[in-house]
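Below: the structure, in structure tokens.
Derivation of every value follows stated rules applied to the coordinates shown; laboratory data play no part. Everything numeric in this text was worked out from a predicted model, so none of it was measured. In this analysis, Cβ positions are derived from the backbone assuming ideal geometry, glycine residues included, and neighbour counts consider all displayed protein chains.
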Amino acid sequence: MSRHTTPLLLSAALLLGAGSAQAALPTQATLYKNPQCACCDGYARHLEALGVEVSVVDDRPLGRVKQATGVPYGLGSCHTVKMGDYVIEGHVPMAAVERLFEERPAIDGIGLSGMPVGTPGMPGPQRSPYEVYQFTDRQDAPFMTL
């Protein structure tokens, strides 16, 4: 191997390795929502566009779903998603979801309270930073700001 091909091969290996280091999203998810909520359907369509098969459940009381999945009181949103081993509460941007599945921390899930404009399913421009939280046993802590 010549001196000139070694740096090229090293660069190619680094580029290919960087792409494969990112963990793939699970192929299936279950989204629990209120039957009348269209923005939740928008979030489901966003996941489907990323290759995730989404089962939408709109006949269960959301309060019970949130309680059963450990979502901290007062930090809920209009829908709850079970995806892989995690819960995703609300309109969490995909950058945070991808980080969750890339790092796989020992937590119950992540969430974004309310229904912030500019997130998947909520049209419009982002108005302020999204404070995504993580939670375990109904206790929250910061996860990331987008």
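Residue 61 meets the conditions (1) in contact with a strand residue (DSSP E or B) (Cβ under 6 Å, 6 or more places away or on another chain); (2) farther than 20 Å from residue 142 by Cα; (3) not hydrophobic (A, V, I, L, M, F, W, C) in every case but one. The failed one is (1). Look at region 53-69: where a residue is under 16 Å from residue 89 (Cβ atoms) and touching a residue at least 24 places away in the same chain (Cβ under 8 Å), no partner that is among the small types (Gly, Ala, Ser) and exposed (fewer than 15 other Cβ atoms within 10 Å of the Cβ) sits 6+ places away or on another chain with Cβ atoms under 9 Å. The set of residues in region 69-108 being surrounded by 23 or more Cβ atoms within 10 Å (Cβ to Cβ) and at positive phi consists of 90 alone. Of all residues in region 25-43, those that are touching a residue at least 24 places away in the same chain (Cβ under 8 Å), over 17 Å from residue 109 (Cβ atoms) and not polar (S, T, N, Q) total 5.
For region 42-57, filtering for residues that are touching a strand residue (DSSP E or B) at 6+ places or on another chain (Cβ under 8 Å) and either assigned to a strand (DSSP E or B) or buried (at least 17 other Cβ atoms within 10 Å of the Cβ) (or both) leaves 9.
Do we find that residue 86 is among the hydroxyl-bearing types (Ser, Thr, Tyr) and touching a Gly at 6+ places or on another chain (Cβ under 8 Å) in this structure? When the stated conditions are applied, residue 86 passes them.
Per-residue answers, yes or no, for (1) part of a loop (DSSP other than H, G, I, E, B); (2) under 18 Å from residue 44 (Cβ atoms):
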site: 59; (1), (2): yes, yes
site: 66; (1), (2): no, yes
site: 76; (1), (2): yes, yes
site: 96; (1), (2): no, yes
site: 106; (1), (2): yes, no
site: 116; (1), (2): yes, yes
site: 119; (1), (2): yes, yes
site: 128; (1), (2): yes, no
site: 132; (1), (2): no, no
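Scanning region 106-130 for residues that are in contact with a strand residue (DSSP E or B) (Cβ under 9 Å, 6 or more places away or on another chain) and in contact (Cβ under 8 Å) with a residue 60 or more places away in the chain turns up just one, 121. Among the residues making up region 84-94, a single one is within 10 Å of residue 133 (Cβ to Cβ) and not in a loop (DSSP other than H, G, I, E, B): 89.
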